[in-house]
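The values are calculated or read from the model by the stated rules, or taken from the named source; none is laboratory data. The shown structure was predicted, so the numbers you read here are calculated from the model rather than taken from an experiment. Cβ atoms come from the backbone with ideal geometry, glycine included; neighbour counts cover every protein chain shown.
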Amino acid sequence: MKLKIISAIGLLIAVLFFSCQTEDEITFARYYSTGSVVYQNKCQNCHGKDGQGLSALMPPLTDSVFLKANKALLPCIVKYGAKGKLMIINQHPFEGNMPPVDLAPIEIAEVLTYVTNSFGNKAGVVTAQQVEADLSKCN
Amino acid sequence: MKKLIGGMVALLALGACKFNTGPTATLPVYGNRTPVTKTVGGKTVTDTIYQTIPAFKTVNQYGDSITSKNLAGNIYVADFFFTTCPSICPVMHRNMLNVYNAFKADKEVKIISYSIDPKHDSVNVLKKYADNLGIAGNTWWLLQGKKEEIYKLSESYLVRKPEEDARQLFIHDGYFILVDKQKRIRGTYDGTLPEQVTKLIADIKTLKTEPDQITGK
């Protein structure tokens, strides 16, 4: 009986705690979960389920330093691909030959939120506005 | 009474399951088979001719000429791919690497990947792909041949014949085909699914224990 009461109280606290998420946290959760589906459909074949890449053929997505340093470039790489671009990822050279992935800015924001907060990365939410601003500067 | 019937049904179902699993550990032989009747020593015997992989001529990533003769005495796994494939090839070869790692020290087992885009996939391109994939030696050959021949050959492997769509992308399926020393098809596996590839590795080990495979005749 005591156990039941304790677990009921515990549940109540948990519900209160999770319902107190801020709007930012909710946005993040929404972007992240939709992003994971986009990732499965558009990225996973090459970059792998755990972002591990494939030998020296496909770069992994686990280099947090690279992702941070190239944050503004990531939407461009997703949308327009990376033909013949040399990238150093996890200290290994990758000669980019990534095909363009035709996604809307919101989808790019979602998938980048997923990638930059999975596989050991933790960079917070990437908003659709940010992606649109970055896309306008692609060359 | 109801309970009794229920029990009997359950028992029957259980019996059916057991019956189906069977004790044999041999792999099936796929493809068409033709009965051949001949007379041996005055007796009429009927033999079965199984579908086999026909002869082919290709070049591997080292520029060596590879024909079906180079696979004599080998159990092998075949697939069809192209190096610039944006869709299923990376996941297929990520899984094939597991097969490679399991058998790279085993001279009896080989892997061959036919390129369906020989115009782009030259020997140099295939060698670079192999290096980047991290494969070396002669366990896994990436093969370039005449396009029409390779496409025709794909039918013998019971896979979907590759096609080119309007954007010059090649459409093909991602099956791994297990071929025995008699060049008969002994299994097909969806190369995009890790669990199917795990089964392939287990099946190769099973196949190696068959008497026909030990003698190679």
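The table for this structure:
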quantity	calculated
Filter pass, residue B:95 being assigned to a helix (DSSP H, G or I), without any contact (Cβ under 8 Å) to a residue 24 or more places away in the chain and within 14 Å of chain A (Cβ to nearest Cβ)	no
The stretch A:53-67 - residue that is under 16 Å from residue A:119 (Cβ atoms) and more than 12 Å from the chain's Cα centre (by Cα) and, of those, surrounded by the most Cβ atoms within 10 Å (Cβ to Cβ)	A:59
Test set (1) more than 9 Å from chain A (Cβ to nearest Cβ); (2) touching an Asp or Glu at 6+ places or on another chain (Cβ under 8 Å); (3) modelled with pLDDT under 95 - residue B:84 fails condition number	(1)
Residue ID - farthest from residue B:83 (Cα to Cα), chosen from residues in the stretch A:46-58 that are more than 7 Å from chain B (Cβ to nearest Cβ) and assigned to a loop (DSSP other than H, G, I, E, B)	A:50
Within the stretch B:111-217, helices (runs of 4 or more DSSP H) holding 3 or more residues that are free of Cβ contacts under 8 Å to residues at least 60 places away in the same chain and surrounded by 15 or more Cβ atoms within 10 Å (Cβ to Cβ)	B:123-133
Among residues of the stretch B:105-128, those that are more than 14 Å from chain A (Cβ to nearest Cβ) and under 23 Å from residue B:69 (Cα atoms), counted	14
Failed item, numbered, when residue A:27 is tested on (1) under 22 Å from residue B:88 (Cβ atoms); (2) away from chain B (no Cβ under 14 Å)	(1)
Residue count for the stretch A:75-92, restricted to those that are basic (Lys, Arg) and out of contact with any strand residue (DSSP E or B) (no Cβ under 9 Å at 6 or more places or on another chain)	1
